[in-house]
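Structure incoming, see below.
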Amino acid sequence: MSLADPAFRAIFEDSPIGIVVVDRDLKIVDVNAAYCDLVGYTEAEMMARSIPDFTHPEDRARDLEFAGLVLSGALPHYRAEKRYITKSGDTVWASITVTALLDPSGVSRYTFSMAQSLTERRALRGILPVCRSCKRVRDAEGRWRELESYLRERASAEILHDVCPECSA
């Protein structure tokens, strides 16, 4: 399937997962809306950039090393969690999978990367301050909030109330 194939284009453009195609120099040659949304740039702004431009400085060396391995054929693909610096300066985490796009002769001129945001999931992994008395949680802005509303907003989770065996006895 080529980049111009209509089926590929539909998958690429309509995917809820961010997808970007870059050349051997990691310059962007194609990008979908979900990837643009992840990093906060327009498609036109993205097309004038390369991946290191918005990769967190601490993740750049690894990206360059593994992109080289994928492009050379030493690795068929790689997966990683990485940080991007958005247009507004925020840091967002993403799970990425990078693979080579081979031309008919088997040479790789491009890599194809898929990125899915992990920022909310990673935020929920951290320490969550909980009041010993009322069980409210303190959010990132320092406000004390009901646990249920906090989880509903941050994790799109609903709370199912039940009674544990110790309390029902």
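For the chain, what does the helix formula give at 222 nm: sum of -39500 (n - 2.57) over DSSP H segments with n ≥ 4, over the residue count, nearest 500 deg cm²/dmol?
Details: 7 runs with 57 residues, N = 169.
The helix-only estimate for the chain comes to -9000 deg cm²/dmol at 222 nm.
Once phi is turned into θ = phi - 60°, what whole-Hz ³J(HN,Hα) does the Karplus curve with 6.51, -1.76 and 1.60 give for every residue of the range 103-116, x standing for Gly and Pro?
After applying 6.51 cos²θ - 1.76 cosθ + 1.60, I find 7, x, 7, x, 8, 9, 10, 9, 10, 10, 10, 10, 10, 10 Hz.
Could you derive backbone 3J(HN,Hα) for the range 79-93 from the dihedral phi with the Karplus parameters 6.51, -1.76 and 1.60 (θ = phi - 60°), listing whole Hz in sequence and x where the residue is Gly or Pro?
So the Karplus estimates, Gly and Pro as x, are 10, 7, 9, 9, 10, 10, 9, 6, 4, 7, x, 6, 9, 10, 9 Hz.
Once R0 is set to 22 Å, what does the formula 1/(1 + (r/R0)^6) return for the Cβ-Cβ distance between Glu13 and Ala48, expressed as a FRET efficiency to the nearest 0.05?
On the way: r = 20 Å, r/R0 = 0.89.
Plugging the Cβ-Cβ distance into 1/(1 + (r/R0)^6) gives 0.65.
Under 5 Å between amide H atoms, partner at least 5 residues away or on a different chain: which partners does Leu118 have, H built in plane at 1.01 Å?
HN-HN under 5 Å from Leu118: Trp93, Ala94, Ser95.
Candidates (1) 16.0; (2) 13.9; (3) 9.3; which is the computed mean projected area of the Cα convex hull in nm²?
Checked against the structure: label (2).
Is there a quick way to get the dipole size of the chain? I mean about its Cα centre, with the Cβ of Lys and Arg at +1 and of Asp and Glu at -1; what is the value in debye to the nearest 20?
Numbers: 22 positive and 26 negative charges, 124 e Å.
For the chain, the charge dipole is close to 600 debye.
Mind putting together the pair-distance distribution for the range 1-79? All Cα pairs, 5 Å bins, whole percent per bin, short to long.
Taking every Cα pair in the range 1-79, the percentages come to 3, 14, 22, 24, 23, 12, 2, 0.
Along the positive direction of the dipole of the chain (beta-carbon charges: Lys, Arg +1; Asp, Glu -1; about the Cα centre), which of Phe66, Asn32, Ala48 reaches farthest?
Among Phe66, Asn32, Ala48, the one farthest towards the positive end of the dipole of the chain is Phe66.
Multiplying the sequence separation of Ser149 and Glu166 by 0.36 nm and subtracting their Cα-Cα distance, what value in nm do you get?
Working: separation 17, 0.36 × 17 = 6.12 nm, distance 2.56 nm.
Taking Ser149 through Glu166 to full extension adds about 3.6 nm, to one decimal.
Still on this structure, please answer the following. What ranking of His56, His161 emerges when the number of other C-beta atoms within 10 Å of each C-beta is taken as an exposure proxy, fewest first?
Numbers: His56 15, His161 5.
Sorted ascending by nearby Cβ count, the order is His161, His56.
Which of Arg145, Arg132, Arg62 ends up with the largest GNM mean-square fluctuation for the chain, with Cα atoms connected below 10 Å?
Greatest mean-square fluctuation among the candidates belongs to Arg132.
How many nm is it between the label spots at Ser108 and Arg60, if each spot is 7 Å from the Cα in line with the beta carbon?
Taking the two extended label points, one gets 2.2 nm.
Along the Cα→Cβ direction, 7 angstrom out, place labels at Arg24 and Ser72. What is the inter-label distance in nm?
For Arg24 paired with Ser72, the spin-label model returns 1.3 nm.
Can you give the FRET efficiency for Lys135 and Lys87, using 1/(1 + (r/R0)^6), R0 = 30 Å, r = Cβ-Cβ distance, to the nearest 0.05?
Numbers: r = 38 Å, r/R0 = 1.26.
Efficiency, rounded to the nearest 0.05: 0.20.
Where a number appears in this text, it was derived from the coordinates with a stated rule and is not lab data. Remember, it's a predicted structure, so these values are computed and weren't measured experimentally. No Cβ is skipped: glycine too gets one built from the backbone with ideal geometry, and neighbour counts run over all protein chains shown.
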